[in-house]
Amino acid sequence: MLAVKAQNWSESSHRFLKLCADSGNVEACYTLGMIRFYCLQNRGSGASLMAKAAISSHASALYSLAVIQFNGSGGTKSDKDLHAGVTLCARAAFLGHIDALRELGHCLQDGYGVKQNIAEGRRFLVQANTRELAIVLAANPSAVAPRSWLTCNPHRHAAGGGCPLLSDFGCNVPAPEAHPANQFLSEWFWGRNGGIPGPGLRLCSHSGCGRPETRRHEFRRCSVCVAVNYCSRACQALDWKLRHKVECTAAERWADEDGENEDNDMVNGEEAMEES
């Protein structure tokens with residue numbers, strides 16, 4: 001667990017975390033890698049630390065490297081490597097990483113970086129949601145699942161903080177807790193720049209993510225309201241279920257000021273979010 005908060009980050013805390021990473025602490029490698037890559041903009045060193053953690057089968061590191069490959073983060077649009085992203089995502093999914101399972105499921109359903117296989121993609125989405133529910137139940141072993149989790153009510157989540165699972169289950173579970181590295185990223189950018197990582201750059205709209213764009217128009221936007229943007233399909237899926245489904249309204253598109261467009265717009269919410 002990362003004890004230091006973003007607002008208290010200092011050279012001494014940086015040195016301590018580096019000592020932990022140098023001593024072989026895989027979690028420290030991943031966390032410091034995320035901080036260096038996104039917060040300190042030391043892309044090479046940050047990616048190397050995440051890769052070091054990934055070699056030790058750190059699922060979150062594998063998934064984060066997949067997100068970097070999907071977006072070409074730290075480089076240009078031509079640096080995207082969808083096949084590498086899918087490969088890393090598959091390894092993280094094999095280790096049980098829920099976001100990786102969800103991401104891989106959407107990639108298979110859409111044929112994004114991999115040959116389209118709708119049935120297999122659906123299977124991964126079901127598995128992601130099953131694991132999501134299992135984690136919540138494991139955290140409350142002495143309690144029976146509340147009736148509200150097992151009652152299918154498509155409108156209930158609009159007012160609460162729950163995250164509805166696939167209609168196959170008809171369940172509603174609490175929102176997943178963000179990884180300490182993601183919490184640090186969110187605190188860093190909201191605390192220092194009011195959620196603006198740089199001129200023309202945007203944060204991922206999923207509150208549990210914290211990843212910023214490393215270049216303009218890097219992330220994909222919701223094609224209905226064009227008001228939110230996401231670093232990944234997994235973040236879009238979670239934010240859609242938690243918040244955006246009830247907030248999304250059609251809006252007129254505007255032209256990008258510099259004319260740049262990475263063709264990252266999402267399809268409309270209902271078509272993309274078969275999980276909800």
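So here's what we get for this one:
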quantity	calculated
Under 26 Å from the Cα of K52 - lysines, other chains or at least 8 residues apart	K5, K18, K77, K80
Calculated FRET value between N140 and N8, using beta carbons and R₀ = 22 Å, to 0.05	0.10
5 angstrom amide H check on R220, placed H, neighbours 5+ away	Y230
Furthest towards positive pole of dipole, A139, S78, C20, structure part segment 6-146, Cβ charges	S78
Alpha carbon convex hull of segment 6-146, projected area averaged over orientations, nm²	10.9
Relative contact order of segment 6-146, pairs being alpha-carbon contacts under 8 Å that are 6 or more residues apart, as %	12
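FYI, it's all coordinate maths here, none of it is from the lab. Here the structure is a predicted model, which means the values were calculated and not measured. For neighbour counting, all protein chains shown are included, and Cβ atoms are generated from backbone atoms with ideal geometry for every residue, glycine included.
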